[in-house]
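Enquirer: So that we are looking at the same thing, I have put the structure below in structure tokens.
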Amino acid sequence: MRTQVGIVGAGPAGLMLSHLLHRAGIDTFLIEARSRDYCEARIRAGLIEQWVVDLLSETGIGERMKREAMFHDGIYFSFDDALHHINLRKHCGRGVAVYGQQEIVKDLIARRLADDGQLHFEAQGMTLADIDSRKPTIHFTKDGKQQTIECDFIAGCDGFHGIARPAIGGIATHYEREYPFGWLGILAEAPPVADELIYAWHERGFALFSMRSPSIVRYYLQCAPDEDADKWSDARIWDELAIRLGGDAASRLKPGRIFEKGVTAMRSFVCEPMRQGRLFLAGDAAHIVPPTGAKGMNLALADVVFLSRALTAHYSEGNDSQLENYSKTCLRRVWKAQRFSWWMTQMLHRFNAAKDFDMRRQMAELDYVTSSEAAMTSLSENYAGLPMAAA
């Protein structure tokens with residue numbers, strides 16, 4: 001088989017890249033190891049920046065988002081038993097939206113299939129070859145038959161544990177940091193405690209309130225990275241949330257049925273460069289951010305916007321300058337997102353149980369961030385999404 005761009009991975013990055021290239025008249029072949037049902041059901045990130053809202057609308061896949069997403073103009077910080085609001089739109093002219101990753105995946109899959117896109121799920125034994133040649137290949141097994149796709153380029157959008165990043169091999173440098181805590185996350189049928197997200201600092205540890213719909217809420221509690229989620233009963237979770245949210249949020253907290261529970265470890269990771277030969281990495285294959293800054297899916301989509309521009313310039317103009325600069329362009333944004341995510345993480349999480357210097361410093365920083373116009377503007381610019389670099 002033959003295609004212009006082979007894409008590995010049917011997450012939001014791979015699907016969006018296929019969609020953008022289709023709109024530019026470029027053929028793609030997307031393969032995924034998991035089933036379509038798995039990809040559409042996997043609940044991950046839920047917050048999208050303003051430019052992503054605009055991208056979904058401008059490329060024809062935003063109709064359901066416009067109807068079902070929850071659009072927020074700000075966020076809350078909770079500390080000292082009080083809520084402090086930061087109006088993002090006031091300070092940077094942009095807001096954010098809550099629309100789950102799985103919903104974007106559903107919308108993209110439906111659109112690609114409606115456009116007769118080449119999507120192949122449940123491909124097994126995938127390997128990449130000849131990435132430094134002019135005709136890199138993807139090998140896989142489907143329905144018991146070995147198959148090969150010959151490509152002009154390959155996009156590795158297959159996540160942190162996929163096959164794309166290891167294919168880069170010895171030329172890559174990995175930068176990483178692991179954190180001494182994780183997040184216990186739940187989904188529950190319960191009313192929201194606020195109209196926008198709450199980031200809560202407490203001496204017992206961080207907590208986060210989010211939502212997925214008017215009746216489905218998402219909560220997180222800081223915990224040990226190897227915490228056993230089964231040791232947290234529903235009653236214990238609701239009691240701890242009340243303590244950590246504090247104040248008005250705690251008084252509005254109404255326990256409901258918890259239908260999903262799990263622990264996520266926290267890490268920062270960057271692979272440099274994000275390209276070797278004709279293989280280009282995008283999304284979690286190239287970088288991981290702690291979820292405190294809500295940057296993961298947004299960064300992945302930024303990668304494929306840059307890559308789609310570069311590939312379009314290659315095919316339409318014979319201009320490869322953007323392909324040559326792909327890694328540099330993406331990494332400028334990636335490292336800014338890493339900085340912001342680390343900053344949010346260190347400000348809001350307890351690194352030990354003692355009432356120590358860091359605890360007092362965090363309190364001072366939160367006080368400053370929620371009272372200084374300059375600090376609120378800086379946070380708003382980063383949280384709502386930095387402008388996309390020009391083509």
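Enquirer: Summarise the long-distance tail of P(r) for the chain by giving the % of C-alpha pairs beyond 40 Å. Walk me through the numbers on the way to the answer.
Expert: Working: 12706 of 76245 pairs.
In whole percent, the long-distance tail amounts to 17.
Enquirer: Test of understanding: extend the Cα→C-beta vector of S372 to 7 Å, then name every residue of segment 315-353 with backbone N under 15 Å from that spot.
Expert: Hits in segment 315-353 for S372 at 15 Å: 343-344, 347.
Enquirer: Okay, next question. Can you give me the Cα centroid spacing of segment 1-59 and segment 87-138 in angstrom?
Expert: Cα centres, segment 1-59 to segment 87-138: 2 Å.
Enquirer: Let me ask something else. For the chain, calculate the relative contact order in percent as a whole number, restricting contacts to Cα pairs under 8 Å that are 6 or more residues apart.
Expert: Over the chain, the number comes to 21 percent.
Enquirer: Let's test the formula: R0 of 25 Å, r as the Cβ-Cβ distance of D239 and M363. What FRET efficiency results, to the nearest 0.05? Each step should come with its number before you reach the end.
Expert: Values: r = 24 Å, r/R0 = 0.95.
Result of the calculation: an efficiency of 0.60.
Enquirer: Could you give the length gained by full extension between A229 and A354, i.e. 0.36 nm per residue of separation minus their alpha carbon distance, to one decimal place?
Expert: 42.6 nm
Enquirer: Separate question: Modelled label-to-label distance, W335 and H139, 7 Å Cα→beta-carbon offset: nm?
Expert: About 3.7 nm, to one decimal.
Enquirer: For the chain, return all DSSP H helices satisfying: extent of Cα atoms along own axis at least 30 Å; mean Kyte-Doolittle hydropathy at least -1.0. Write out the running numbers ahead of the final one.
Expert: Details: long enough: 296-317 (31 Å, 0.60); 326-348 (33 Å, -0.55).
Those that pass (Cα extent of 30 Å or more, hydropathy at least -1.0) are 296-317, 326-348.
Enquirer: Give the residue list of trypsin sites (Lys or Arg not before Pro) in segment 174-226 that are DSSP loop and have at most 13 other beta-carbon atoms within 10 angstrom.
Expert: Working: sites: R177, R204, R212, R218; in loops: R204, R212.
Here the sparse-neighbourhood loop sites are R204.
Enquirer: Order of 13-24, 281-292, 118-129 by packing, highest average Cβ count within 10 Å first? The partial results should precede the final answer.
Expert: Details: 13-24: 24.3, 281-292: 27.1, 118-129: 16.1.
By packing density, highest mean first, the sequence is 281-292, 13-24, 118-129.
Enquirer: Something else: Mean residue ellipticity at 222 nm from the helices of the chain, using -39,500 (n - 2.57) per DSSP H segment of n ≥ 4 over the full residue count, to the nearest 500 deg cm²/dmol?
Expert: Details: 14 runs with 148 residues, N = 391.
About -11500 deg cm²/dmol.
Enquirer: How large is the Kirkwood hydrodynamic radius of segment 271-345, in angstrom, based on all distinct alpha carbon pairs?
Expert: Working: mean 1/r = 0.0788 Å⁻¹.
For segment 271-345, the Kirkwood estimate is 12.7 Å.
Enquirer: Using packing as a proxy for protection, rank 90-100, 293-303, 345-355 so that the peptide with the highest average count of other Cβ atoms within 10 Å comes first. Display every interim value, and only then the final one.
Expert: Details: 90-100: 20.0, 293-303: 25.5, 345-355: 15.5.
Going from most to least packed, we get 293-303, 90-100, 345-355.
Enquirer: To check you understand DSSP bridge types, tell me what percent of the beta bridges within the chain (both residues inside) are antiparallel, rounded to 5.
Expert: Values: 56 of 74 bridges.
That works out to approximately 75 percent antiparallel.
Enquirer: Could you list the residues of segment 270-299 with an amide nitrogen less than 13 Å from a label point located 7 Å from the Cα of I171 in the Cα-to-C-beta direction?
Expert: In segment 270-299, the label zone of I171 (backbone N under 13 Å from the point 7 Å along Cα→Cβ) covers 272-281.
Enquirer: Would you mind pulling out the separation of the Cα centroids of segment 218-266 and segment 296-315, in Å?
Expert: 37 Å
Enquirer: A further question on this structure: Could you please tell me the mean projected area of the C-alpha convex hull for segment 286-391, averaged over all directions and given in square nanometres to one decimal?
Expert: Details: hull surface 31.2 nm².
Here the figure is 7.8 nm², rounded to one decimal.
Enquirer: Can you compute 3J(HN,Hα) from phi for each residue in segment 119-126, using the Karplus curve 6.51 cos²θ - 1.76 cosθ + 1.60 with θ = phi - 60°, rounded to whole Hz and x for Gly and Pro?
Expert: Listing the rounded values in order: 10, 10, 8, 6, 7, 10, x, 5 Hz.
Read the figures in this text as sums done on the coordinates, not as results from a lab. What you see is a predicted model; the values in this text were computed from it and never measured. Positions of Cβ are backbone-derived with ideal geometry, glycine not excepted, and every protein chain shown enters the neighbour counts.
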